[in-house]
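Report on the following structure.
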C-alpha cells in the first residue's frame, strides 16, 4: 500500500487507551442492566482491548482487517515461537489474576485473560502446523 492509503490507527489507539484506563483505573461506568457497574467496566475494557487489537493490526500489516494471514508475516517460524511465548505469559498472568489477585480484581478477570492466552496459543499452533507438518509442498 502506498503511504497515503494506510488505514488510520491513531484514533483507535486513543479511544482504546481511554477505555482501558477507565476500566482499570478510573472506574466510571453505568450500573447497567443488573445494577452492577463492574459488569459495565468489564464491557468497557473489552471494547478498549478490541480497539487496541484493531490498531495493532493496522500498524503492523498496513491494511484494514482482523485476521493476520500467513502470507502477511515476514518470518512466520520465528514469529510463531514468539507468539507462543506471549501466550504462555498471558496464561501465567491469567493464573495470577485468578488465584492470588482474585480478591482485588473483578471475578472474570482470570477467565478472560485465559481465553485471550488460549486464542493466542491457537493462532501460534496454526502457524506452526501450517509451516511444518501440514505444509502444502
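The values are calculated or read from the model by the stated rules, or taken from the named source; none is laboratory data. Just so it is clear, the model here is predicted, and its values are computed rather than measured. Note that each Cβ is placed from the backbone with ideal geometry, even for glycine, and that neighbours are counted across all protein chains shown.
Looking only at the stretch 110-119, decide whether some residue is over 13 Å from the mean Cα position of the chain (by Cα) and not assigned by TED's automatic domain parsing to the domain that holds residue 25. So far as the stretch 110-119 goes, yes, one or more of its residues are over 13 Å from the mean Cα position of the chain (by Cα) and not assigned by TED's automatic domain parsing to the domain that holds residue 25. Just one of the listed residues (87, 52, 29) is over 28 Å from residue 8 (Cβ atoms) and surrounded by 14 or more Cβ atoms within 10 Å (Cβ to Cβ), and it is 87.
Exactly one residue out of 124, 40 is farther than 23 Å from residue 9 by Cβ and either modelled with pLDDT of 90 or more or in contact with a strand residue (DSSP E or B) (Cβ under 7 Å, 6 or more places away or on another chain) (or both), and it is 124. Scanning the stretch 92-106 for residues that are under 12 Å from residue 42 (Cα atoms) and either in contact (Cβ under 8 Å) with a residue 40 or more places away in the chain or buried (at least 16 other Cβ atoms within 10 Å of the Cβ) (or both) yields a single hit, 106. Residue count for the stretch 58-98, restricted to those that are touching a helix residue (DSSP H, G or I) at 6+ places or on another chain (Cβ under 9 Å), in a helix (DSSP H, G or I) and more than 25 Å from residue 108 (Cα to Cα): 12. The conditions of being surrounded by fewer than 16 Cβ atoms within 10 Å (Cβ to Cβ) and either outside the structural domain of residue 112 (by TED's automatic domain parsing) or touching a strand residue (DSSP E or B) at 6+ places or on another chain (Cβ under 7 Å) (or both) are met by residue 47.
On the given criteria, is residue 29 in contact (Cβ under 8 Å) with a residue 12 or more places away in the chain and assigned to a loop (DSSP other than H, G, I, E, B)? Answer is yes for this residue.
When residue 36 is tested against (1) in the same structural domain as residue 5 (by TED's automatic domain parsing); (2) over 25 Å from residue 6 (Cβ atoms); (3) surrounded by 17 or more Cβ atoms within 10 Å (Cβ to Cβ), only condition (3) is not met.
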